[in-house]
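The structure appears below as structure tokens.
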């Protein structure tokens, strides 16, 4: 049998056997038999050295051709066996609808999430996030914010006082009723221009019910510089509302009173539920009050030694719990601090 | 403040609908809501009481037979003022009412009261939502049409105004009229104050002395003799009721009416009971007692201002009158007081005595002394009209230090500097004038402005700017973004660190908890096996309850309670943490408020369900969390045996960084767990974030990746069981060719000698300079084993 005939025989035999193969093991044996080091094809190729140059050319070309051909059919067979594997061996198939092995996943508290998100927005507008003490002197919490003793404005913020008496027999220590004392603390240290936001806990003397708790969270903002106007206050808070509540959410300002600002304003956004049409959530007004703000009162600026005829500024303060309550329709503020994982794991 | 719209229209023409009116007032700073009195009175009609019988089973209840116009109904009623013949408000079953006890809205249901069927109810003012009065039933005028809906007879539209503390002038109907005037451009019509004075000169009959002028800047009074006390006319009674006040008699009603009209509280004395014909205004003597109108004997202190007749006290100034000078049906002469009292003084007294009245509420906000005479004249005129009598000639008006109305300079430049927009002369002058201000326009766009006599809140230039902004409208102020430079800002490393720790723990499967900072001593002590507190917590002066009287000194108690309560509805595993402050008392200073992160891990044995892979749960589970957390913050920590009282001895360690303690980890002491009803093992970690901040560093460099292959050798060492893993690795780590040591087995048992244990390590050798040969590695390994043997008595396990 000539070498070329031998090659032809190998090819016929290989293709014929390959056809019958139905699993990977047999295929592997086939590969060894026809394409391995000790295969007949390799033997033929090794024998080439003994041939004349003329024969080498034709036989070599045919043998290489066969090698390529076998590689191609092998690959094809491998692929088709891959498909057959599942349909043929159903009992080994995976049910991809079984749950995955999840790495454990915790949940950030919804209040932390809101603080993070709001700080991010204000930081991107050039504000710096700072924090301050929760136990405060009435000097920072009231006096320096233009809320004198025996003034009804103090009654609006029912205060929890600390059992502490100084040498003068005064009892000036309290749990801060708002984050605003940080306005004074920061302005005492840093000269304008300044822009800060202050997230933190505040406390009020409140009986606990679905809408009142003695501890809650606020975020405060303050910007002081030459030439800051009420128009800047509006612009900054509009921008915040657009970014936080979405660009189609309308916001409006109206006059309100806080002793440490003048003029004072309150910002409302279009009701999240009814989009302004009027519903139970917004008491049919179409608007939801979300923050109080205003131009820093000249007395507050002068109190920390900032010349109020040269500098001006705005401040704002917002209750944090109200925001997720409105967003998610939560009707009981106590849920935030009750630690019930069935609630907290939803956020 | 409730402002009946009909009453408001006495002073100003209003074209707006009530809803629009409420809206424009709200936008300009006077938060208003519309209340239709009678809006919810479906099912309430006018009835008449025809018979009253005793209740067979109850002494305090009676059975009233009510003629409803279409039949007779019997109702059970406990009111003391049931009178045969009175017209009353009758609610039939299904009517919407306010519950007299809870103040909640309710729907009237058929009821059997002490065995007697009651087919409806005779209503109090409170039940109708008219006032807080639930003492007796509402008695209607005798001409009320029987059987007709109550709403047709009594209803009114009321603006319910939430007045801010700076605007006492808005606690008056005329004050609100001025606001409406400014917004709508209409003119205010002021009431007539004139009356004829046919009596003797008042100076001959009354003298007034102010001893403490700091607490009483002004005292004005008039005298009316020969009055006839009686019921007020229906229009007056209805207006008072709409304001939430119960009519009493024509004199008291007029003083209340004028208080609502002008915002100036008035008080009427029975002149004949002022035996000295003299009023002396002075501070109370410490401990002085007095019986007020409500028949309560009150103890007063030296900061309380009293109205006296020179001998005895007749009223607590600005707060409440005395029982001894009260107007009665027999009163014939009235001394009418219209005074101004110091705001802080009244605030103090009202809070000290826990007595808040319509009068005290106005005085403590600081009303102008100019009001006294206007209100006095108005009230005198009305009393003459309604109760007859004759007024003495003139009034007494003691005003020791006249408070001049302030004139303020207002500059256009300042308006623009604060608001970011300028207004024309016409806008500025027009707006302020419509509010009652007097405005002079000066050259250079400056104005001289004098506030109206009833406004006490206008003190500086920016107060005028607010007036412009709120009346012209905030929507007419432009919107700009901050344009100034941003100052250099120091990064807030503490806040960044807290955020990183929170997010990393969430990534490790922990749920974040926030608990109240206010707690009690017992709860705080529960976190320790000894059940005692070693640090005295910060205590509140006026805690809401004993449950929330102290500021916490640990986060552990709160978290253990949260775990406890969650175990009532789930089995776990539970991983929770809180990152918040604790409060450490300091002498004569605010407490320290360190930031702490505390976490709990709870993972009971449970049925294995797919695809649960069983990882052991023990001390090393919590240690691993802390190790990974610290490693993510580039902190190198050591662990050392510790003696924390919350944790089980022997199963706890303190976390050290550079020799300093920053926290603890370990198994919660079973005694502590039991105190929280937890029977399974709980592991806890606690780190001080402020300490961590000192050591958590920014990454400074990196280690080059070597291109030379590594060589692996596994060794199993037999050691005395007292030798620690750390002792072994400390020695091995001294050999620089060892790149990594991994512990892969810990064994003690039959296959090693008693008192010994086996630790198995995989060592990875690698050089940054060359490919290591087996020979080289074996040589180093022999050195390592020799060192281990010499130092720790380690042998290779056979």
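The values are calculated or read from the model by the stated rules, or taken from the named source; none is laboratory data. Here the structure is a predicted model, which means the values were calculated and not measured. Reconstructed Cβ throughout: ideal geometry from the backbone, glycine too, with neighbour counts over all protein chains shown.
Put simply, of A:68, A:81 the only residue that is in contact (Cβ under 8 Å) with a residue 12 or more places away in the chain and more than 14 Å from chain B (Cβ to nearest Cβ) is A:81. Being within 30 Å of residue A:25 (Cα to Cα) and in the same structural domain as residue A:12 (by TED's automatic domain parsing) is a property that residue A:78 has. Residues that are touching a strand residue (DSSP E or B) at 6+ places or on another chain (Cβ under 6 Å) and within 20 Å of residue B:595 (Cα to Cα) were ranked within the stretch B:647-663; the one that is surrounded by the most Cβ atoms within 10 Å (Cβ to Cβ) is B:655. So which residues in the stretch B:692-713 are at pLDDT 90 or above and assigned to a loop (DSSP other than H, G, I, E, B), if there are any at all? Result: B:708, B:709, B:710. Applying the condition of being under 14 Å from residue B:31 (Cβ atoms) and either more than 10 Å from chain B (Cβ to nearest Cβ) or out of contact with any helix residue (DSSP H, G or I) (no Cβ under 8 Å at 6 or more places or on another chain) (or both) to the stretch A:259-281 and asking which residue is surrounded by the fewest Cβ atoms within 10 Å (Cβ to Cβ) yields A:268. If you check B:199, B:185, B:136 for being in contact (Cβ under 8 Å) with a residue 24 or more places away in the chain, at positive phi and either exposed (fewer than 14 other Cβ atoms within 10 Å of the Cβ) or touching a strand residue (DSSP E or B) at 6+ places or on another chain (Cβ under 9 Å) (or both), only one passes: B:185.
Residue check: is residue B:530 facing another protein chain (nearest Cβ under 7 Å) and out of contact with any strand residue (DSSP E or B) (no Cβ under 9 Å at 6 or more places or on another chain)? When the stated conditions are applied, residue B:530 does not pass them.
Can you go through B:781, B:796, B:743, B:759 and tell me which one is in contact with a strand residue (DSSP E or B) (Cβ under 8 Å, 6 or more places away or on another chain), under 15 Å from residue B:714 (Cα atoms), surrounded by 11 or more Cβ atoms within 10 Å (Cβ to Cβ) and without any contact (Cβ under 8 Å) to a residue 24 or more places away in the chain? B:743 is the lone residue from the list that is in contact with a strand residue (DSSP E or B) (Cβ under 8 Å, 6 or more places away or on another chain), under 15 Å from residue B:714 (Cα atoms), surrounded by 11 or more Cβ atoms within 10 Å (Cβ to Cβ) and without any contact (Cβ under 8 Å) to a residue 24 or more places away in the chain.
If the condition is being at the interface with chain B (Cβ under 7 Å from one of its Cβ atoms), in contact with a helix residue (DSSP H, G or I) (Cβ under 8 Å, 6 or more places away or on another chain) and in a loop (DSSP other than H, G, I, E, B), then the stretch A:209-256 contributes A:214, A:227, A:229. Would you say residue B:506 is within 7 Å of chain A (Cβ to nearest Cβ), assigned to a helix (DSSP H, G or I) and farther than 25 Å from residue A:341 by Cα? No; evaluated as a whole, the condition is false for this residue. Taking the conditions (1) in contact with a helix residue (DSSP H, G or I) (Cβ under 8 Å, 6 or more places away or on another chain); (2) within 7 Å of chain A (Cβ to nearest Cβ); (3) surrounded by fewer than 15 Cβ atoms within 10 Å (Cβ to Cβ) in turn, residue B:539 satisfies each one other than (1). Residues of the stretch B:664-684 that are crowded, with 23+ Cβ neighbours inside 10 Å and in contact with a helix residue (DSSP H, G or I) (Cβ under 6 Å, 6 or more places away or on another chain): B:665, B:682, B:683. Within the span defined as the stretch B:556-573, one or more residues are within 15 Å of residue B:664 (Cα to Cα), in the same structural domain as residue B:514 (by TED's automatic domain parsing) and under 39 Å from the mean Cα position of the chain (by Cα). Evaluating residue B:33 against the criteria (1) within 14 Å of another protein chain (Cβ to nearest Cβ); (2) farther than 30 Å from residue B:101 by Cβ leaves one unmet condition, (2). So is residue B:716 farther than 20 Å from residue B:624 by Cα, modelled with pLDDT under 90 and not in a helix (DSSP H, G or I) or not? The answer is no for residue B:716.
Comparison of B:174, B:224, B:161, B:202 shows that the only residue that is more than 14 Å from chain A (Cβ to nearest Cβ) and under 28 Å from residue B:458 (Cα atoms) is B:174.
Residues in the stretch B:113-125 include none that are over 19 Å from residue B:49 (Cβ atoms), surrounded by fewer than 13 Cβ atoms within 10 Å (Cβ to Cβ) and without any contact (Cβ under 8 Å) to a residue 12 or more places away in the chain. Listed by position, the strands (runs of 3 or more DSSP E) contained in the stretch B:249-313 that have at least 3 residues being more than 23 Å from residue B:333 (Cα to Cα) are B:297-299.
When residues in the stretch A:103-141 are screened for being facing chain B (nearest Cβ under 9 Å), out of contact with any helix residue (DSSP H, G or I) (no Cβ under 9 Å at 6 or more places or on another chain) and closer than 18 Å to residue B:515 by Cα, 2 of them pass.
When you check residue B:310 against the structure, is it buried (at least 19 other Cβ atoms within 10 Å of the Cβ), within 21 Å of residue B:211 (Cβ to Cβ), modelled with pLDDT under 95 and away from every other protein chain (no Cβ under 14 Å), yes or no? When the stated conditions are applied, residue B:310 does not pass them.
Within the stretch B:464-479, can you find the residues that are within 12 Å of residue B:420 (Cβ to Cβ) and at the interface with chain A (Cβ under 9 Å from one of its Cβ atoms)? Result: B:465, B:469, B:474, B:477, B:478, B:479. When B:372, B:349 are checked against the criterion of being within 14 Å of another protein chain (Cβ to nearest Cβ), crowded, with 24+ Cβ neighbours inside 10 Å and either under 20 Å from residue B:205 (Cβ atoms) or modelled with pLDDT under 95 (or both), a single residue qualifies: B:349. Take the residues in the stretch A:313-347 that are in a helix (DSSP H, G or I) and more than 14 Å from chain B (Cβ to nearest Cβ); name whichever of them is farthest from residue A:181 (Cα to Cα). Step by step, filter the stretch A:313-347, then rank; the result is A:328.
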